[in-house]
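Undergrad: My questions all concern the structure below.
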């Protein structure tokens, strides 16, 4: 008999956030697994990019709607909706970062958390 690995709530939330981002054609999605880092503030970061401030806002809205629809989860806190250069959706265990493509390189979150386990998600085109 084969054992199946059960998925944690934060893993399921992370997967759902990625799917929500993909629904609105988010670019360069990266998942950083922070669970093994003692200094981590959450389990996962999900980072993506949009091609314009309108696209960034659309990705944020699509992600929020999708997680609410699939898991009945809403972000505990949202930052950055005013300028749509960097929108942060804080789900406590998973934090989604949606960047305007130029701002993403400036903040370079992936480099700041280089010790995390990184998974690059292919673009759906």
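Since every read-out is calculated from the coordinates, none of them should be taken as a lab result. From a predicted model like this one, the values you see are computed outputs, not experimental measurements. Neighbour counts run over all protein chains shown; Cβ positions are idealised from the backbone, glycine included.
Undergrad: Applying 1/(1 + (r/R0)^6) with R0 = 35 Å to the Cβ-Cβ distance of residue 42 and residue 65, what FRET efficiency is obtained, to the nearest 0.05? Kindly include the intermediate steps, with their values, before the conclusion.
TA: Values: r = 21 Å, r/R0 = 0.61.
So, using R0 = 35 Å, E works out to roughly 0.95.
Undergrad: Something else now. Sorted from fewest to most neighbouring beta carbons within 10 Å, what does the list 51, 90 look like? Mind dumping the intermediate values first?
TA: Values: 51 13, 90 16.
With the sparsest Cβ surroundings first, the list reads 51, 90.
Undergrad: Hey, another quick one. State whether the stretch 9-121 is rounded, prolate or oblate according to the following rule on the C-alpha gyration tensor (a ≥ b ≥ c being the square roots of its eigenvalues): a/c under 1.5 gives rounded; otherwise a/b larger than b/c gives prolate, and the remaining case gives oblate.
TA: Working: a/c = 1.60, a/b = 1.11, b/c = 1.44.
Verdict is oblate for the stretch 9-121.
Undergrad: Now a separate question. Run the numbers for residue 92 and residue 109: contour at 0.36 nm per residue of separation, minus the present Cα-Cα distance, in nm.
TA: Details: separation 17, 0.36 × 17 = 6.12 nm, distance 1.76 nm.
Going from the current span to full extension adds 4.4 nm.
Undergrad: What number, rounded to the nearest 500 deg cm²/dmol, is the helix-based mean residue ellipticity at 222 nm of the chain, given -39500 (n - 2.57) per DSSP H run of at least four residues and division by all its residues? Intermediate values should be presented prior to the final figure.
TA: On the way: 4 runs with 45 residues, N = 125.
Mean residue ellipticity at 222 nm (helix-derived): -11000 deg cm²/dmol.
Undergrad: Something else now. Percent relative contact order of the chain, based on C-alpha pairs within less than 8 angstrom and at least six residues apart? Mind showing how you got there, number by number?
TA: On the way: 223 pairs, mean separation 39.6, N = 125.
Rounded, it is 32 percent for the chain.
Undergrad: A further question on this structure: Taking 0.36 nm per intervening residue step and subtracting the Cα-Cα distance, what contour gain separates residue 79 from residue 124 on full extension? It would help to have the intermediate numbers written out before the result.
TA: Working: separation 45, 0.36 × 45 = 16.20 nm, distance 2.63 nm.
This chain segment gains 13.6 nm when fully extended.
Undergrad: In nm, to one decimal, how far is the residue 72 label point from the residue 9 one, both placed 7 Å along Cα→Cβ?
TA: Going by the 7 Å Cα→Cβ label model, 1.3 nm.
Undergrad: Let me ask something else about it. Given the chain, what percent of its DSSP beta bridges are antiparallel, to the nearest 5? Intermediate values should be presented prior to the final figure.
TA: Working: 18 of 25 bridges.
Antiparallel bridges: around 70 percent, rounded to the nearest 5.
Undergrad: Taking the number of other C-beta atoms within 10 Å as the exposure measure, put 100, 91, 107 in order starting with the fewest.
TA: Details: 100 22, 91 25, 107 14.
In order of increasing Cβ crowding within 10 Å: 107, 100, 91.
Undergrad: Could you please state, rounded to a whole Å, how far the C-alpha centre of the stretch 14-32 is from the C-alpha centre of the stretch 87-125?
TA: 10 Å
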